[in-house]
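What follows is one structure encoded as structure tokens, with my remarks underneath.
The values are calculated or read from the model by the stated rules, or taken from the named source; none is laboratory data. In this text the structure is predicted, and so the values were computed from the model without any measurement. So basically every Cβ, Gly included, is an ideal-geometry build from the backbone, and we count neighbours across all protein chains shown. Surface accessibility is based on the protein's heavy atoms, side chains included, excluding ligands, DNA and RNA. Shrake-Rupley method; radii C 1.70, N 1.55, O 1.52, S 1.80 Å.
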Amino acid sequence: MDRPADDRPGMLPRDIVRTAFASEQAIYGVLLVSGMIVVAGRYGGSSWEVLTTVLATVVVFWAAHVYAGAVAHHGIDEGGVLGIRASLRISVRESWGLLLSALIPCAVLFLGTLQVVPDLLARWAAMWTGVAVLATLGYLAFRRRGASMLIRVLGGITTSLFGVVLVILKAVVH
């Protein structure tokens with residue numbers, strides 16, 4: 001079994017952040033936040049209520065993802081048995097992207113809690129920020145694989161479309 005890229009000895013923290021952010025977990029994190037904004041915002045709550053609901057949900061999903069990953073890794077290693085601590089450590093490293101990417105649209109929601117922007121604007125801005133983050137994640141994923149500029153752009157657009165679907169859902173629900 002291959003070790004995750006961020007489990008290599010000598011990796012710098014910026015490399016760990018880069019590998020965590022450009023991951024499938026990061027995409028899930030943004031989609032989770034966007035979906036929660038749609039659901040929590042449906043009831044017309046304040047930015048604070050939406051943000052706390054979103055953050056609580058993200059933390060629970062992240063913890064469940066870490067737990068599931070630790071269970072999946074436990075006992076499996078090319079050099080022998082992998083203990084639960086090592087499995088948990090690997091799972092936490094693999095799951096950081098879910099938390100990191102969720103923080104970006106949550107930061108926009110936080111502006112609404114500070115009343116820098118109105119609540120409704122904060123929710124919409126967080127949704128569109130999520131679309132932009134998804135586009136960036138898609139682009140970066142294809143760039144890391146050495147794809148041509150056209151494929152990078154198409155990858156970014158395709159990834160962002162998942163966020164656009166949630167924006168449309170929010171518009172329909174409201």
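What part of the accessible area of the range 59-118, given as a whole %, is carbon or sulfur when the probe is 1.4 angstrom?
Numbers: 2440 of 3440 Å².
Carbon plus sulfur share of accessible area: 71 percent.
Provide the per residue accessible area, probe 1.4 Å, for the range 16-153, rounded to a whole number of square angstrom.
Working: 7160 Å² over 138 residues.
Ligands and nucleic acids excluded, the figure is 52 Å² per residue.
For Leu109, what charge total do you get from the other residues with a beta carbon under 14 Å from its beta carbon, if Lys and Arg give +1 and Asp and Glu give -1? Could the numbers behind the result be given before it?
On the way: positive: Arg123, Lys170; negative: Glu49, Asp119.
Net charge around Leu109: 0.
Per residue and in Å³, how big is the convex hull formed by the alpha-carbon atoms of the range 60-174?
On the way: hull volume 15.5 nm³, N = 115.
Considering the Cα atoms of the range 60-174, their hull volume per residue is 135 Å³.
Just to verify a number: what accessible area does Ile157 come out at with the full protein assembly present, 1.4 Å probe, Å² rounded to tens?
So the heavy atoms of Ile157 present about 90 Å² to solvent.
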